[in-house]
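K.L.:
Sharing a structure with you now.
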Amino acid sequence: MKNKMLRNILIPSLAAVFVLTVPTLLIYLGVIDGFTAQIVSLAGVNAIMAISVNMVCGITGQLSLGQAGFQAIGAYSVVLLCTKCGVPLPLSVILGGLIAAFFGFLIGFPTLKLEGDYLAIVTLAFGEIIRVVLLNLKSLTGGPNGMTFPTIFTNSLDFGATLSYLAIIGTLVLVILFLQNFLRSTYGRAILAVREDEVAANSSGISVFRYKMIGFVIAAFIGGIGGALYAPFIGFIKPDMASFNNSITHLTYVVLGGMGSVTGSVVAAFVMTILLESLRFLSTYRLLIYPVLLILVMLFRPQGLLGTRELSFVRGFDKITSLFARKKSVEKSGGNSDGRKD
């Protein structure tokens, strides 16, 4: 039992260290150019936003169309905290997530008692309200012109690309690890129970509203972190971050990856971001990829890429070791895989 627990901790930890250190070293040495590294980092930000949407839509079971509003809150918060208040950037990123979570609590408290499509309508209105407020607070947010935010991420392409990859992908790994462990906890299982059947969960003593609120606030916090990382990485923010189109883009990643699959939405965000950046020579025609892929997914795999399943390094390691063990036993016996000799 102890060996199994050690293996379940050690294998994901080694995989996380590999994902962080090896590409970072390759970027620093120039093997991976700065432009490619920045595309991957942008995909990491999109993956964080996809996880935020998946936390609401796939895991909590509620339809939210305003997650881009939390991203905008996190982005503007980190810029204002750094420029106006002199707060260090790492602390500002955390505070940006907490501010977005606070707004998530304010929005969720009255709206999560609603049923059906009303939550989607309210969250859609919330995103538009945030966009309009940011447009009109010109003295504080720059209005439609947005705000520039030059940081160490944007001052130097090579060093900035290395640092941004390490910061963004490192945060993404932490978010995935947190969410995977949270879903295995008592709170996570209660949220999943509410998603499956609210009436049965309520009859079992689970407070439906409470766990909906927990899931919604966590999603808002993750969305705020995504926005807080986007601002120093891009170096420019504008009110259109909170637009409905931005929320739909994040929702597309979740639909393609699989509702309820954290790793599925991450894979979809990386694939779609890298694919769209690779097809920039097609100009605006590349945006046709989204509807075409959605149609194909709805026709041939409506549950998404992974459905509700998760990618697991432990299961992958077990399959590889069993394959090698089987091959070794076949070679040792001098026969085929079924034990017969040639």
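The values are calculated or read from the model by the stated rules, or taken from the named source; none is laboratory data. Owing to the predicted nature of the structure, the values given are computational and were not obtained by experimental measurement. Cβ coordinates were reconstructed from backbone atoms using ideal geometry, including for glycine residues, and neighbour counts include every protein chain displayed. Calculation scope for accessible area: heavy atoms of the full protein, side chains included, ligands and nucleic acids excluded. Shrake-Rupley method; radii C 1.70, N 1.55, O 1.52, S 1.80 Å.
K.L.:
Could you check how many residues of segment 181-219 are in a helix (DSSP H, G or I), among the basic types (Lys, Arg) and exposed (fewer than 15 other Cβ atoms within 10 Å of the Cβ)? Talk me through it step by step, then tell me what you get.
P.N.:
Taking segment 181-219 and keeping what is in a helix (DSSP H, G or I), we get 181-183, 186-196, 198-203, 208-219.
Retained after the next criterion (residues that are among the basic types (Lys, Arg)): 189, 195, 210, 212.
Keeping just the survivors that are exposed (fewer than 15 other Cβ atoms within 10 Å of the Cβ) gives 189, 210.
Of the residues in that region, 2 qualify.
K.L.:
Report, ordered by the first and then the second residue, all pairs with beta carbons closer than 7 Å, sequence separation of six or more or different chains, a first member in segment 319-342 that is surrounded by 10 or more Cβ atoms within 10 Å (Cβ to Cβ), and a second member that is at pLDDT 65 or above and not in a strand (DSSP E or B).
P.N.:
These pairs meet every condition: Asn336/Val330; Ser337/Arg326; Ser337/Val330.
K.L.:
How many of the residues in segment 249-288 are surrounded by fewer than 15 Cβ atoms within 10 Å (Cβ to Cβ) and over 18 Å from Thr36 (Cβ atoms)? Don't jump to the end; show me each part of the working.
P.N.:
Applying the first criterion (surrounded by fewer than 15 Cβ atoms within 10 Å (Cβ to Cβ)) to segment 249-288 yields 275, 278-285, 287-288.
Adding the requirement that they be over 18 Å from Thr36 (Cβ atoms) leaves 282-285, 287-288.
Final tally of qualifying residues: 6.
K.L.:
While we're on this one: Can you pull out the residues in segment 196-211 that are within 19 Å of Thr111 (Cβ to Cβ) and under 25 Å from the mean Cα position of the chain (by Cα)?
P.N.:
Selection gives Val208, Phe209, Arg210, Tyr211.
K.L.:
Applying the selection to segment 36-57, what residues are open to solvent by 30 Å² or more (accessible area, probe 1.4 Å) and in contact (Cβ under 8 Å) with a residue 24 or more places away in the chain?
P.N.:
Gln38, Val40, Leu42
K.L.:
Does Ser278 fit the bill of being modelled with pLDDT under 80 and over 16 Å from Thr252 (Cα atoms)?
P.N.:
no
K.L.:
So Gly69 clears everything in (1) over 29 Å from Thr252 (Cα atoms); (2) open to solvent by less than 40 Å² (accessible area, probe 1.4 Å) except one condition, right? Which one?
P.N.:
Status for Gly69: all satisfied but (1).
K.L.:
Could you tell me whether any residue of segment 134-144 is in contact with a Pro (Cβ under 8 Å, 6 or more places away or on another chain), at pLDDT 90 or above and open to solvent by less than 40 Å² (accessible area, probe 1.4 Å)?
P.N.:
The answer is yes, given that some residue of segment 134-144 is in contact with a Pro (Cβ under 8 Å, 6 or more places away or on another chain), at pLDDT 90 or above and open to solvent by less than 40 Å² (accessible area, probe 1.4 Å).
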